[in-house]
Protein chains: 2
Amino acid sequence: MLNAANNQPPHHVVIVGGGFGGLYAAQSLRKAPVKVTLIDKRNFHLFQPLLYQVATGGLSAGDISSPLRAVLSRHKNTQVLMGEVTDVDPKQKKIRLNDQELSYDTLIVATGVSHHYFGNEQWAEKAPGLKTVENALDIRRRVFLAFEAAEKETDPEKRRAWLNFVIVGGGPTGVELAGALAELAHNTLKDDFRSIDTSEAKILLLEGIDRVLPPYPPELSAKAQASLEDLGVTVQTSTLVTNIEDNLVTIRRGDQIEQIPSQTILWAAGMKASKMGEILSKATGAPCDRAGRVIVQPDLTIPDYPNIFVIGDLANFPHQYEDGKPLPGVAPVAMQEGQYVANLLKKRFKGETLPAFHYKDYGSLAVIGRHAAVVDFGFIKFSGFLAWLIWTFVHIFFLIEFDNKILVMIQWGWNYFTRKRGARLITNQDAAPPIEVEDQSNYRTPVKV
Amino acid sequence: MLNAANNQPPHHVVIVGGGFGGLYAAQSLRKAPVKVTLIDKRNFHLFQPLLYQVATGGLSAGDISSPLRAVLSRHKNTQVLMGEVTDVDPKQKKIRLNDQELSYDTLIVATGVSHHYFGNEQWAEKAPGLKTVENALDIRRRVFLAFEAAEKETDPEKRRAWLNFVIVGGGPTGVELAGALAELAHNTLKDDFRSIDTSEAKILLLEGIDRVLPPYPPELSAKAQASLEDLGVTVQTSTLVTNIEDNLVTIRRGDQIEQIPSQTILWAAGMKASKMGEILSKATGAPCDRAGRVIVQPDLTIPDYPNIFVIGDLANFPHQYEDGKPLPGVAPVAMQEGQYVANLLKKRFKGETLPAFHYKDYGSLAVIGRHAAVVDFGFIKFSGFLAWLIWTFVHIFFLIEFDNKILVMIQWGWNYFTRKRGARLITNQDAAPPIEVEDQSNYRTPVKV
């Protein structure tokens with residue numbers, strides 16, 4: 001059955017989720033003797049690490065989106081389906097989509113995580129998170145409307161609230177958002193208004209524990225905070241958000257309670273597994289962690305189902321570090337897991353095996369703002385301009401691999417010739433579903449209530 | 001009062017509308033001894049001639065939008081206000097915005113036109129027009145969802161309806177949309193699907209009179225139709241749309257009634273003046289034409305109010321051609337009118353006058369598709385690849401002038417250095433208001449019911 005060298009129909013690999021994990025799995029199976037079906041709710045892969053750039057007007061949504069069909073166009077063994085998986089039958093080896101049913105031989109689940117509000121879901125509309133293109137455009141709208149409103153506002157107190165920007169969560173996403181907002185207010189918009197001085201805008205970054213960028217070594221957290229403060233960001237660590245009402249954030253620092261008037265509150269804290277985790281665990285009894293992520297075996301399968309894999313942010317892989325700490329929810333982990341599963345399958349077809357998955361950590365990157373970033377290569381940690389250059393290079397590199405960004409950017413005017421159309425994302429779908437790719441921040445950020 | 005060489009507050013010019021007319025007027029007043037206030041509902045100027053590219057996934061919305069504040073940032077005598085004019089008091093020389101009141105010495109109204117449905121407004125949600133960024137993103141969503149639905153659809157008849165694209169109106173917008181859709185289906189998407197052959201998609205262009213591109217000379221209309229047919233577009237002229245229901249267009253050709261099943265119906269016909277025309281005419285008694293456009297004097301003022309100008313698409317200028325035919329609703333007319341009014345004001349300040357406005361027609365351009373366009377320079381008319389090159393050059397040229405496109409495209413990666421953020425448009429505002437800039441098509445297209 002696993003051997004495609006006979007007359008049986010080819011082994012069918014169904015991949016759910018077109019983020020880094022799912023896409024890399026599909027690409028690595030290009031030459032394998034299998035039929036691949038990639039299912040995603042959206043018709044595009046989102047380069048989520050640059051989503052904060054869309055939220056701050058630096059890039060267009062189309063610039064960081066790649067149509068899944070275009071990326072996999074030349075993979076003749078691969079079909080892309082736009083749809084949402086509603087159920088799994090591991091015994092029958094079937095999955096149900098909203099409008100059809102599919103049989104699989106191997107199932108790879110890579111639907112990622114989305115942000116959440118620790119049981120305060122009512123905060124969602126007041127403090128949008130940054131997971132989907134729609135989130136980013138919503139945040140962009142709020143940010144730029146805030147400056148427009150301030151320009152018109154004559155009451156100094158109300159104007160102040162329009163110029164207060166509060167970001168909850170000091171992980172990479174929060175740090176990058178805060179840095180970009182500070183640049184926007186203090187540089188980009190400086191000369192654009194007549195009644196207000198945008199450099200008076202206050203960008204407040206709140207973090208629950210005692211330092212920003214919790215995933216990073218303390219010395220880099222300190223450097224990151226210093227760079228943020230150079231940019232004009234007010235960083236408050238060990239600060240918990242206890243309430244969010246319209247235009248008002250209540251925070252607690254030790255015993256101090258403070259209320260901050262703000263018209264623009266952004267949420268970069270909190271992570272929960274996508275619904276697929278629950279569906280899968282219900283159907284298979286696979287164990288989940290507190291956030292709902294599926295705890296996987298050393299080979300990324302789930303117990304009792306060697307033909308079901310979970311990869312990317314949705315997977316909790318506790319086998320690498322002594323303390324059982326799961327691998328971080330970053331793109332490189334998802335990519336390597338996707339490639340590992342593809343290679344494992346190829347081995348299986350030959351009746352061979354593969355050692356347990358091991359994440360090669362090439363280091364972490366976070367950008368703080370113009371010319372500033374922090375880099376942790378393990379053997380060396382540094383920050384500043386060189387770090388920023390590396391950050392830029394790495395991101396451009398991965399964008400190029402997805403055939404948009406630089407290429408699309410330079411060649412836009414020639415897309416009649418190249419026949420490329422890089423901006424094929426479908427947005428504003430009813431109740432725009434979260435696109436589920438990795439999130440670099442959040443779940444280490446204990447914003448409690 | 002018109003002389004700013006004394007201690008009186010500077011002459012205040014209020015411009016309503018940030019399209020080509022309003023923006024060019026503001027830019028031409030940069031050195032004038034006046035205070036300028038530019039009011040627009042949106043915070044960006046939209047390069048509307050390329051909007052069809054956004055609707056077909058060729059460009060991102062941000063690529064053809066320029067933040068008004070950025071464009072006018074260095075115009076220290078100019079303030080940009082985001083707002084909507086609800087009333088005009090020509091006696092008091094005041095205008096009312098939704099949330100404030102402004103006095104003016106000179107008023108320039110350039111709010112353009114939007115499409116309409118000849119009294120069948122219920123067609124609007126079934127057959128969206130192409131005037132705003134939101135329109136374009138809506139059309140893009142419909143177009144690409146149609147292919148996704150067809151890929152899943154097993155019933156051949158339903159699949160056919162998903163692959164039928166109907167465009168109503170054979171003006172430049174309709175022609176450009178049809179050409180781009182044909183390329184999309186027959187080239188761009190060719191290898192992206194597994195169950196359907198996108199080249200079987202049918203692009204149907206309907207035009208009420210006997211030829212496409214009514215503004216152009218008949219020989220170019222014939223060439224345009226031939227090029228469209230080469231691209232695989234089915235062109236039906238002398239065809240009137242009599243009804244649009246869900247997934248069904250009813251057309252009449254002579255005595256023939258036909259019903260066409262289609263899931264994607266696009267509206268490129270019909271033009272009506274923006275509400276500002278009605279407001280102005282109510283307040284001043286200025287005459288309007290059937291479409292609601294304000295019929296202006298030879299100097300672009302309205303009768304009895306030498307300090308109120310109407311320019312761009314909203315203006316009906318009947319003084320140039322013997323037959324009293326108004327100037328076409330195209331960007332160059334709006335630009336020249338904006339510059340004329342600025343120059344007229346500068347003359348007035350010196351107590352001088354300016355001869356009546358005269359539109360210098362440098363020719364018309366319309367693109368049909370890859371490598372094909374038609375050009376009418378008056379003294380010479382031609383089509384094909386050279387015409388397409390000229391079309392591309394002209395559009396890139398004007399985009400560059402607005403400091404986005406090429407520049408932003410090549411330099412996106414460097415926008416930390418350049419401090420530019422080219423994608424600051426605010427979209428998805430509640431009931432996204434139509435951005436009112438010129439529309440190149442439509443009102444010569446007698447789609448009757």
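Per-structure values
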quantity: Filter pass, A:Ala182 being over 23 Å from A:Asn243 (Cβ atoms), open to solvent by less than 20 Å² (accessible area, probe 1.4 Å) and within 14 Å of chain B (Cβ to nearest Cβ); calculated: yes
quantity: Matching residues, segment A:109-123, being over 19 Å from the mean Cα position of the chain (by Cα) and under 20 Å from A:Gly292 (Cα atoms); calculated: A:Gly119, A:Asn120, A:Glu121
quantity: Those residues of segment B:55-70 which are modelled with pLDDT under 85, more than 7 Å from chain A (Cβ to nearest Cβ) and part of a helix (DSSP H, G or I), in sequence order; calculated: B:Ile64
quantity: Among (1) over 24 Å from the mean Cα position of the chain (by Cα); (2) within 13 Å of chain B (Cβ to nearest Cβ); (3) open to solvent by 10 Å² or more (accessible area, probe 1.4 Å), the one test that A:Pro10 misses; calculated: (2)
quantity: Total residues in segment B:338-351, condition open to solvent by 20 Å² or more (accessible area, probe 1.4 Å) and either part of a loop (DSSP other than H, G, I, E, B) or of a type in the set (Gly, Ala, Ser) (or both); calculated: 2
quantity: Counted residues, segment A:23-46 - those being under 23 Å from A:Val330 (Cα atoms) and open to solvent by 10 Å² or more (accessible area, probe 1.4 Å); calculated: 6
quantity: A:His45 being of a type outside the set (A, V, I, L, M), within 11 Å of chain B (Cβ to nearest Cβ) and in contact (Cβ under 8 Å) with a residue 40 or more places away in the chain; calculated: no
quantity: Strands (runs of 3 or more DSSP E) (entirely within segment A:249-337) containing at least 2 residues that are at negative phi, at pLDDT 95 or above and buried (at least 16 other Cβ atoms within 10 Å of the Cβ); calculated: A:264-267, A:305-310
quantity: Qualifying residue in segment A:391-403 (condition: closer than 22 Å to A:Gly112 by Cβ, in a loop (DSSP other than H, G, I, E, B) and at pLDDT 70 or above); calculated: no
quantity: Residue in segment B:25-37 that is under 15 Å from the mean Cα position of the chain (by Cα), at pLDDT 95 or above and assigned by TED's automatic domain parsing to the domain that holds B:Val310 present; calculated: no
quantity: Number of the condition not met by B:Glu157 [criteria: (1) within 13 Å of another protein chain (Cβ to nearest Cβ); (2) over 26 Å from the mean Cα position of the chain (by Cα)]; calculated: (1)
quantity: Residue match in segment B:246-253 (condition: touching a Pro at 6+ places or on another chain (Cβ under 7 Å) and over 30 Å from B:Leu97 (Cα atoms)); calculated: yes
quantity: Unique residue being crowded, with 19+ Cβ neighbours inside 10 Å and within 19 Å of the chain's Cα centre (by Cα) when the list is A:Ala127, A:Ala150, A:Ala146; calculated: A:Ala127
quantity: Members of segment A:75-109 that are open to solvent by less than 10 Å² (accessible area, probe 1.4 Å), away from chain B (no Cβ under 14 Å) and not β-branched (Val, Ile, Thr); calculated: A:Tyr104, A:Leu107
quantity: Positions within segment B:305-343 being touching a strand residue (DSSP E or B) at 6+ places or on another chain (Cβ under 7 Å) and among the charged types (D, E, K, R), in sequence order; calculated: B:Asp313, B:Glu337
quantity: Identity of the residue in segment A:206-239, hydrophobic (A, V, I, L, M, F, W, C) and open to solvent by less than 30 Å² (accessible area, probe 1.4 Å), that ends up nearest to the chain's Cα centre (by Cα); calculated: A:Leu213
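The values are calculated or read from the model by the stated rules, or taken from the named source; none is laboratory data. Computed from a predicted model, the values in this text were never measured in an experiment. Backbone-built Cβ (ideal geometry, glycine too); neighbour counts: all protein chains shown. Heads up: the accessible areas ignore ligands, DNA and RNA and are worked out on the full protein's heavy atoms, side chains in. Shrake-Rupley method; radii C 1.70, N 1.55, O 1.52, S 1.80 Å.
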